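The structure appears right after this line, and notes come after that.
The values are calculated or read from the model by the stated rules, or taken from the named source; none is laboratory data. Given the structure is predicted, the values throughout are model-derived calculations rather than measurements. When we count neighbours, we look across all protein chains shown, and the Cβ atoms used for this are built from the backbone with ideal geometry, even at glycine.
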Amino acid sequence: MAEERNITGFEEAPPPVSEWRRFRRVFFSRGVVLFGLIILVLLFLVAVLAPWISPYDPYKMSVGKSLEHPSSQHLLGTDILGRDTLSRLIYGSRTALMVGFISVGIAGVIGIPLGIIAGYLGGFLNTIIMRTMDALLCFPMLLLALVLAAVLGGGIQNVIVALSVATIPGYARVACGVTMSIRENDYILSAQAMGSSDALIMFKHILPNTFPPLIVLMTMQLGALILAEAGLSFLGIGIEPPGAAWGAMVNAGRNYLLNNPELSFSPCIAIMLVVFAFNMVGDGLRDALDPRLRGLL
Amino acid sequence: MKRILFFTFALILASMLIFSGCGEPEETTAPTTAPTTAPTTAPTTQPTTAGPEYGGTLRCVAGAIPNVLGYAPEKAPSDNFYMLPVIERLAEWGDEEGTMVGILAESWDIDSEALTFTWHLRQGVTFHDGTPWNAEACQWNFQMLLDANRLTMGQFIDSLDVLDEYTLRMNLNKIDWVMSEQWGLMSPISPTAYENSGSTEEERIAWARENAVGTGPYTVAEWQRDDHINFVKNDNYWRPGLPYLDAIEIRRIPDPMVAAAMMEAGEADIWFAVSSVQNIVDLQAKGLKFVWGPGMFLAILFNSNDPESYFADKLVREAIEYAINRPELAEMLGQGLYEPLHQMASSTWPGYVEGYNPRPYDPDKARELLEQAGHPNGFKTTLLLMETGIDAGSAIKAYLGEVGIEVELDVADIGRYFGSVFGTGWSDMVYSASGINPSATDLYIHFGPNPVTYRTGNIYKTPEYLAKCEAALAPQFKTAAEAMAKIKEAIRQAGEDAMIVPLFRTAECSIMQTYVHTEYPKIHGIIWRPYNDWMEAH
Amino acid sequence: MTTYIIRRLIQAVIILLIVTILVFFVMRLLPGDPIIIYVAQTAQLEAMPPEMIDKLRAQFGLDKPIVIQYFNWMGNIFRGDFGESIFYHEDVSKLMLERFPVTLHLGITALIVGSVLGLLSGLLAAIRRGKWLDKIITPLTYIGITIPIFMLAILLIYTIGLRLSWLPIAGYTSPFEDFWLSTRQIIMPVICLAVFSLAANARQMRSSMLEVIAQDYIRTAWAKGLSERVVVVKHALKNSLIPVITLIGLGVGLIFSGSFIIETIFAIPGVGRLMVSSIFGQDYVVVQAITFVIAVIVLVVNLIVDISYGWLDPRIRYG
């Protein structure tokens, strides 16, 4: 599927992203992007500073009464076990970032080389790799994650693995598309003529060219992964308790919606804000790095 | 741009405000303040009416509907329960004391000398296809289960003899009082209808999975797998003047929140077997009617038979029991609806040993015992549980963490959980739920010498405990009541041995509109008498 | 064009083969034994001796070597036989025939709603850029792409279903049985299933429309004095559809994912709920068969999407 689509986007190598100034101008020109960026910076700060800023131990029971309403002691109330919701929300940012970044990282590390190899070497290898990726894409992402999580059991590491595998094909496709579009470019051909090994060409000349679209894809995936984690939690496969994860908190809190809506709403708003932020920053990056990616990512 | 942003979040906030504004006013009624008393009485604000009225369609919501309708060897417990309007039992518990009453059997004799169990069947009952209910039909139904190896305690039956039209004798190789309770649950279908349903056994089985011809007050009108089942009145029912309702519709609603919303919106008349505490608490404030049942028995089970396991050491098991603050746990999780347990019986249960609490909450004592056991710094272990037990598991993890035991929660999906608990066994501890029967059979079903559920052999049972169980099963006892003194000894022994850690009894109830009248699940979650249910005109 | 389609079909068969291998072996990696799970779930109160369990295992062909099992399964699929469910003791084809129409009813409606409304609102937002319509649509799309759908489902149930009593809270009725009730029942689930695609389509449509509007040939069209409708519909719309079509193709997978969650909440007896319970119950045969059918659907839709590129943009050649 990939090779037909590249016509719409990658007719030639994207220009080297040297113009830092242009990048800055485009990237910071839109208010939403800036807003997203601020949310992300705050998210990182909260995650890093969690032990210092969270008012209570997020795992400790009975720091308040069961299901307390928001008060000056507990700004977002307490859950059924008397744990402080705000503290759990703060620690949940760590889980969210960890799940997002590690999954994206693993998927990228596996998917990008596969895509480049398939695109550069072509032929039978391309068929095998890219059809496998297409096959993975035929599984709805949640199904794949569900089956994998069922194989591996709950727990954060398994959720990460499940989400990574589910997102590998996306990276492979993009990497393959970029590679195929620049494979015949002069500088690649000349490198070949000069006797550079395939591995060196792929690593030195092709890999950097795949970065702009992939960075955009990764940023947007981060948001999608956080949403997917929430979906998995709803289906009963999520971060192992009592770890604080937003998706699991939303799901656990929905039982108490009528009397303690903050239990479910506060992590829900956190998820929405962060997903929003990743999407907006992704948009901004796309416009700044390579506007031609519009419509593809 | 800023305006757009502002608008977005104003919109989110507004929607949330509308939403939370929808909730009840601030009054968060902590439902009852006395957690130890079982909520057994329904609110008394019902308008008193003259008596049962006829007619109406009862719209029910439930977490499950039957999957196999009539083919007994493949029926699960929930299939049996939800088919009660159609297929009746031989006998069942008639009250909260666990007295057995006959339904399709009028009475039974237990001869402990000759090792025979004789059923005297009810006369004048016909199946929905018009064929008579008699000893041959009874034998045919028992035989079908025996052939498929699916009759509980069937291994004790040597042969079945039809003595006359309404008498069936079972010739046994062992006898005890638990058998009458187990075999009484047998729910017969019409042998004629089954035999005529197809030319091959495969066709007949396929038919019986989707059809049921019983003797009950209703017949199946429509069934859509995993969605709904509708019953209509059987005009030729053998109990005179019954049933009251014209029809019963049971709709499967997997998500309790949705079921609660349907009850509140009046889209359903009754919600069966509710166990989610928060929904119960919420709906209590809405003026709906409640019928309470005995609930479930929640406990930690150990892998104590493996000498390598930490839990083979009684000191460790005792330490764990001391470490868990069960009254606090029950209060938090049950919001006043759960009863903390300190023995293998709840206070609603006839086998309850008054005042017996071998190990009340005492974390210092727990640490001391762990030190004695050679674990001064605690140890690491796991607790197997399902997603539904996450809150309880998190609490147990926190309690045990206080005394130095680091627990990893192993959250299994239903498949792996059942596979481990009822099949291959578990490695350390498991958070388990068992039914609470009105008689004492559950002790034997779950924790007896030959348990039907936790039969993996993971749980270590001392010779003293096993001897006391056997003593309570002696052939001279014909009912649970006769054996009760011995049963209490077995329960006390299990406590002395720290065999398991009893945690709490949960709340279970049916929630209904005020015009609905039913006794389900007052006696037990499997005792429903649909022929007695009725609705006021509304 | 024909050779292109043939080539794509061959590819699709290869992909399908890989899908079957993946799902088959992944399911068998699951810890636990479907027969034990089935017995434990259905026969809690009954003792079942090991011989019976072995007999059941043989009945479902699970006693054979795993590779043989795979080839048996594939062979049977070619004969149109998807096998027998362990849990339901029922032909999987029959189960799927009961369930797929329900999911497709919801899914196709959601796809149409998501595409049409998405495109329309994106289009409106673009041609009224910065005006009040844009200022309503754009923030709504932000909510659409960020809200977890089970939360949206719950919010809808509580507000529209319970407080306002506008729509039935849950359940599903076939449209052939009672069209009006059926339609009222599927509104909320369809909103939940469609919301992400709707918002994503609208965003995509808005931005690609804005881009197209800025192109020379559109300015030429304006300059020629053509009416707004002609410019928008005839020139701009068609050209901005390509990226949106890609999204719609991806939307099919999303709708199946969503149906796993939405069918559980709204008590809809569709294939998503069957899938979830079968994964947990390790009902191999059902999971394999449903995955197979979903893969076929996704492949076909993507094929159509790819072919439609050519229609939308003649510059695209199929090499």
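If the condition is being assigned to a helix (DSSP H, G or I) and either hydrophobic (A, V, I, L, M, F, W, C) or touching a Ser or Thr at 6+ places or on another chain (Cβ under 9 Å) (or both), then region C:56-93 contributes C:56, C:58, C:66, C:67, C:68, C:70, C:71, C:73, C:74, C:77, C:78, C:92.
Can you find even one residue in region B:360-380 that is touching a residue at least 60 places away in the same chain (Cβ under 8 Å) and of a type in the set (Lys, Arg)? No: region B:360-380 contains no residue that is touching a residue at least 60 places away in the same chain (Cβ under 8 Å) and of a type in the set (Lys, Arg).
Quickly run through region A:267-288 and pick out the residues that are closer than 28 Å to residue A:82 by Cα and either within 9 Å of chain C (Cβ to nearest Cβ) or surrounded by fewer than 23 Cβ atoms within 10 Å (Cβ to Cβ) (or both). Of everything in region A:267-288, those that are closer than 28 Å to residue A:82 by Cα and either within 9 Å of chain C (Cβ to nearest Cβ) or surrounded by fewer than 23 Cβ atoms within 10 Å (Cβ to Cβ) (or both) turn out to be A:268, A:269, A:270, A:271, A:272, A:273, A:274.
In region C:135-152, which residues are more than 9 Å from chain B (Cβ to nearest Cβ) and either in a loop (DSSP other than H, G, I, E, B) or of a type in the set (Gly, Ala, Ser) (or both)? Hits for region C:135-152 are C:144, C:148. For region B:475-526, a residue qualifies if it is out of contact with any His (no Cβ under 8 Å at 6 or more places or on another chain), under 22 Å from residue B:337 (Cα atoms) and polar (S, T, N, Q), and the qualifying residues are B:506, B:510, B:514, B:518.
Taking the criterion of being over 16 Å from residue B:145 (Cα atoms) and among the polar types (S, T, N, Q), the residues of region B:181-208 that qualify are B:192, B:196, B:197, B:199, B:200.
Would you confirm, using the coordinates I've provided, whether residue C:259 is at pLDDT below 80, small (Gly, Ala, Ser), touching a Leu at 6+ places or on another chain (Cβ under 9 Å) and on the phi < 0 side of the Ramachandran plot? Steps first, answer last, please.
Numbers: at pLDDT below 80: no; small (Gly, Ala, Ser): yes; touching a Leu at 6+ places or on another chain (Cβ under 9 Å): yes; on the phi < 0 side of the Ramachandran plot: yes.
Criteria not met by residue C:259.
Condition first: crowded, with 17+ Cβ neighbours inside 10 Å, under 28 Å from residue B:477 (Cβ atoms) and among the polar types (S, T, N, Q). Now tell me which residues in region B:119-159 satisfy that. Of everything in region B:119-159, those that are crowded, with 17+ Cβ neighbours inside 10 Å, under 28 Å from residue B:477 (Cβ atoms) and among the polar types (S, T, N, Q) turn out to be B:139, B:141, B:149, B:152. Just the residues that are among the aliphatic types (A, V, I, L, M), in the same structural domain as residue B:256 (by TED's automatic domain parsing) and more than 21 Å from the chain's Cα centre (by Cα), please, taken from region B:481-531. B:516, the sole residue that qualifies. Within region B:92-135, the set of residues being more than 20 Å from residue B:238 (Cα to Cα) and touching a Lys or Arg at 6+ places or on another chain (Cβ under 6 Å) comprises B:110, B:116, B:118. Could you say which residue among A:99, A:104, A:48 is at pLDDT 85 or above, more than 12 Å from chain B (Cβ to nearest Cβ), in contact with a helix residue (DSSP H, G or I) (Cβ under 9 Å, 6 or more places away or on another chain) and under 30 Å from residue C:11 (Cβ atoms)? Unique residue meeting the criteria: A:104.
Return yes or no: is residue C:187 aliphatic (A, V, I, L, M) and in contact with a helix residue (DSSP H, G or I) (Cβ under 8 Å, 6 or more places away or on another chain)?
Details: aliphatic (A, V, I, L, M): yes; in contact with a helix residue (DSSP H, G or I) (Cβ under 8 Å, 6 or more places away or on another chain): no.
Against the criterion (aliphatic (A, V, I, L, M) and in contact with a helix residue (DSSP H, G or I) (Cβ under 8 Å, 6 or more places away or on another chain)), residue C:187 does not qualify.
Have a look at C:244, C:276, C:296, C:287 and point out the one that is surrounded by fewer than 20 Cβ atoms within 10 Å (Cβ to Cβ), within 11 Å of chain A (Cβ to nearest Cβ) and of a type outside the set (D, E, K, R). Let's see the steps before the verdict.
Working: C:244 fails: surrounded by fewer than 20 Cβ atoms within 10 Å (Cβ to Cβ); C:276 fails: surrounded by fewer than 20 Cβ atoms within 10 Å (Cβ to Cβ); C:287 fails: surrounded by fewer than 20 Cβ atoms within 10 Å (Cβ to Cβ).
Result: C:296 is the single residue among C:244, C:276, C:296, C:287 that is surrounded by fewer than 20 Cβ atoms within 10 Å (Cβ to Cβ), within 11 Å of chain A (Cβ to nearest Cβ) and of a type outside the set (D, E, K, R).
Determine, yes or no, whether residue A:69 is under 25 Å from residue A:270 (Cβ atoms), touching a strand residue (DSSP E or B) at 6+ places or on another chain (Cβ under 6 Å) and modelled with pLDDT under 90. Answer is no for this residue.
Filtered by the rule that a residue be basic (Lys, Arg), more than 14 Å from chain C (Cβ to nearest Cβ) and buried (at least 20 other Cβ atoms within 10 Å of the Cβ), region B:227-286 gives a lone residue, B:233.
Working carefully through the options C:197, C:208, C:115, find the one that is away from every other protein chain (no Cβ under 14 Å), under 29 Å from residue A:226 (Cα atoms) and either small (Gly, Ala, Ser) or over 20 Å from the mean Cα position of the chain (by Cα) (or both). Going through C:197, C:208, C:115 in turn, the sole match is C:115. Selection over region B:345-357 of residues that are modelled with pLDDT of 90 or more and hydrophobic (A, V, I, L, M, F, W, C) gives a count of 1. Applying the condition of being within 11 Å of chain A (Cβ to nearest Cβ) and of a type in the set (Asp, Glu) to region B:371-413 and asking which residue is farthest from residue A:65 (Cα to Cα) yields B:413.
Looking at this structure, is residue B:452 under 23 Å from residue B:507 (Cβ atoms) and of a type in the set (A, V, I, L, M)?
Numbers: under 23 Å from residue B:507 (Cβ atoms): no; of a type in the set (A, V, I, L, M): yes.
No; evaluated as a whole, the condition is false for this residue.
Annotation: of all residues in region A:35-54 being touching a residue at least 12 places away in the same chain (Cβ under 8 Å) and over 19 Å from the mean Cα position of the chain (by Cα), the one that is surrounded by the fewest Cβ atoms within 10 Å (Cβ to Cβ) is A:53.
Could you please let me know if residue B:187 is part of a loop (DSSP other than H, G, I, E, B) and within 14 Å of chain C (Cβ to nearest Cβ)? The answer is yes for residue B:187.
If only one of C:124, C:152, C:119, C:164 is modelled with pLDDT of 85 or more, closer than 20 Å to residue A:253 by Cα and of a type in the set (A, V, I, L, M, F, W, C), which one is it?
On the way: C:124 fails: closer than 20 Å to residue A:253 by Cα; C:119 fails: closer than 20 Å to residue A:253 by Cα; C:164 fails: closer than 20 Å to residue A:253 by Cα.
The unique qualifying residue is C:152.
So that you can scan it fast, the table gives a plain yes or no per residue for (1) among the charged types (D, E, K, R); (2) under 30 Å from residue B:93 (Cα atoms):
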{"site": "B:300", "(1), (2)": "no, yes"}
{"site": "B:307", "(1), (2)": "no, no"}
{"site": "B:320", "(1), (2)": "no, no"}
{"site": "B:347", "(1), (2)": "no, yes"}
{"site": "B:380", "(1), (2)": "yes, no"}
{"site": "B:392", "(1), (2)": "no, no"}
{"site": "B:399", "(1), (2)": "no, no"}
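The condition (being within 9 Å of chain A (Cβ to nearest Cβ) and at pLDDT below 85) is satisfied by just one residue among C:249, C:319: C:319.
Considered as a group, the residues in region B:452-480 that are aromatic (Phe, Trp, Tyr) and in contact with a strand residue (DSSP E or B) (Cβ under 8 Å, 6 or more places away or on another chain) include one that is modelled with the highest pLDDT, and that residue is B:460. Taken over region A:47-90, the criterion of being part of a helix (DSSP H, G or I) and closer than 12 Å to residue A:262 by Cα is satisfied by A:85, A:86, A:89.
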